[in-house]
1. Counting only residues 5 or more places away or on other chains, whose amide H sits under 5 Å from the amide H of residue B:97 once H atoms are built in the peptide plane?
2. I need the calculated FRET efficiency for the pair residue B:63 and residue B:121, taking r as the beta carbon distance and R₀ as 22 Å, to the nearest 0.05.
3. Taking square-rooted eigenvalues a ≥ b ≥ c of the alpha carbon gyration tensor, is chain B rounded, prolate or oblate, where a/c under 1.5 means rounded and, failing that, a/b exceeding b/c means prolate?
4. To the nearest 500 deg cm²/dmol, what mean residue ellipticity at 222 nm is calculated for chain B from DSSP H runs of n ≥ 4 alone, each contributing -39,500 (n - 2.57), summed and divided by the residues?
5. For a quick check, take a GNM of chain B with Cα springs below 10 Å and name the residue from B:100, B:176, B:58 with the largest mean-square fluctuation.
6. Using a Gaussian network for chain A with springs between C-alpha atoms less than 10 Å apart, which of these wobbles most: A:208, A:347, A:217?
7. Among the listed pairs A:339/B:30; A:358/B:133; A:369/B:111; A:51/B:133; B:75/B:133, which are separated by more than 23 Å between their Cα atoms?
8. Residue-wise, which Karplus ³J(HN,Hα) couplings in Hz belong to region B:49-59, taking 6.51 cos²θ - 1.76 cosθ + 1.60, θ = phi - 60°, and x for glycine or proline?
Amino acid sequence: MQQPNKLTPFFENLNFERDDNTMVINFGPQHPSAHGQLRLVLELDGEQVVKAYPDIGYLHRGIEKMAENMTYNEFLPTTDRLDYIASTSNNYAYALAVEKLLGIEAPRRAQVIRTMLLELNRIISHLFFIATHALDVGAMSVFLYAFREREYAMDLMEDYCGARLTHSAVRIGGVPLDLPAGWTEKLASFCSKVEYELEHTYNALLQENRIWKMRLENVGVISAEDALSWGCTGPMLRGSGVNWDIRKEEPYELYGELDFDIPVSDRCDSYGRYRLYMEEMTQSIRILRQLIPMYSKTEPQLMAHAPQYISAPKEEIMTQNYALMQHFVLVTQGMRPPKGEVYVPTESPKGELGFYIKSEGEPYAYRLKCRAPSFFHTGLLQEILVGTYIADVVTIIGTTNIVFGEVDR
Amino acid sequence: MRKYTPKDNVQKKAYYTDRFWVAPRVPREKVEAGSHFAAVVDALGKLAKESYIEIGQLVVHIDPTQNVEVMRILKESCGYTQCSEQSAVDYLAQDGEFELFYQLLNITEAKRVRVHCRIKEGESIESITPLFKSANFAEREMFDMFGIYVNNHPFLKRIIMPDDWEGHPLLKTYPLQGDEFASWYEVDKIFGKEYRDVIGPENRDPSRIDRYDTKRFSRVGYEVPFGADISEGEKENPIEYSETILVDYTKDSGQQLDERR
């Protein structure tokens, strides 16, 4: 019987004395494979999971509440802290939602730069996935190699925006900076480097590795109906044989013009999803290679021209009175989008990242809801973990690729 | 006089609004006959009280008591097999109502529908988890953040906030910095309420900076030993910058570089 006092409160979901032969254990929130702050209460019968209860909220910072108390431009750096592995995808999803609400479109050069950053970020995120997933399963060396290439990608990010993890490299209406000199050449050499490493290092280490296949094949099987019903998106959905990628189906930015394939796996297991991540990196490299020649063909304008919502370029602010006045109002009061609501989905590396914004014509969003893919993938855990073995729990958490910044928000 | 702040909405307000300012509205388009969305509206029939297209997505307003029926029609006859998101918007200050929305996705047609319904304060809504399992977590989050009860939910419990939390953080009446309960939560739980006076409210303010605290703070240029008493003032220490030495370790010579590679 539990003896609750002030320091050890009564744990209502933990029953230490039971009639049956099951054992309840706490997985996390400090477990190294819990991908941050996941607490998983597992009921075990021997080594088999009978019941799984994901307990989240250890990283809750009230980001949706903060959005209601910050102007639209102020909130943008906060979105970095959602999925902190791929910050640009969050910045971009938020900026795109506000742009749709305002009815503006970024200029062509900004679109090229944004698409480049998004795909570079996808490679960063997928390399991180391969590294940590392999480490969780027990393949230490992949972690070292994948993080090496991730460092190069983050160096590229740093050259562009000065930050390695929290980029804020996208603004509402465009991008703040042009690419530095020689950046595209560095990007091209990075692409060839990653392509070489993908084939000669990661694939060579993992793809036909007997232990890797034994640990991943037929683990974490999700049927297509379940994946749809549980709100799975991204590689989790495509790993179940559903051909759905927002970049292809509801194209945004330049994805309508680019030539790339969407890998789909009908294996429905962790190994299929791992193959998808590898293939998506190849496709990202393909997209980046198409974007490099597109960059030089664009005009140098970086921010959209919408004086009511977006400050004019610096030269105009410094030379023209009206531009300065508008800049002053936009900085001190913030932009006021029209009344209305918008839900904009984007394909982040983890899945469908969407922002629902309800505007009442104020400089503060009336309600902002971040539809984070990892939140729904965490919900799925309570079903797919049942019936698996304790050793596979870590593999399944790894394959869902959840990031707790966006689960708890 | 103390500044008046409305109690029913304590969120940040614009400090100045032109008295002639009228916010424009995002255009709402009619559902064109013969389109996919027209078929959806036809399938719903009288269940749809109002329907229009806003920024490329169909918005349908329904009665809150018929939400499961509407979702079933959308899922089974219109192909909306995924519920991407479900949450609420607090309109208690204006209308005494919550606006709930369900964001649905049709994968074969690549179309999205948003279903809206409004419930009064204290009313509850039927769960849609039998149709969409993703609503399991989404409805729990809505309950946690707004206090809206969901009937027949398999496990309606707080999801993000602790189980013994008081208040619902996303209500407009809930302040951004948290209420009194929130600021004393850990103290009440570990030491008991009577320790509030012992600890004092100044120690529960995370943004408080004590000018003379040398245990947790250090002034750049005025560094003193840990815990030193500086109530009499402290001496200025000139800042010493270390020289950055860049060495190219890829070469044997270990030659210094002028800039980062």
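Only the coordinates and a few stated rules stand behind these numbers; no lab work does. Everything numeric in this text was worked out from a predicted model, so none of it was measured. Cβ coordinates were reconstructed from backbone atoms using ideal geometry, including for glycine residues, and neighbour counts include every protein chain displayed.
1. Amide H neighbours of residue B:97, under 5 Å, 5+ apart: B:91, B:92.
2. 0.80
3. Verdict is prolate for chain B.
4. -5000 deg cm²/dmol
5. In this elastic network of chain B, the residue with the biggest mean-square fluctuation among B:100, B:176, B:58 is B:176.
6. Top of the fluctuation ranking is A:208.
7. A:358/B:133
8. 6, 8, 8, 7, 10, 10, 6, x, 10, 6, 10
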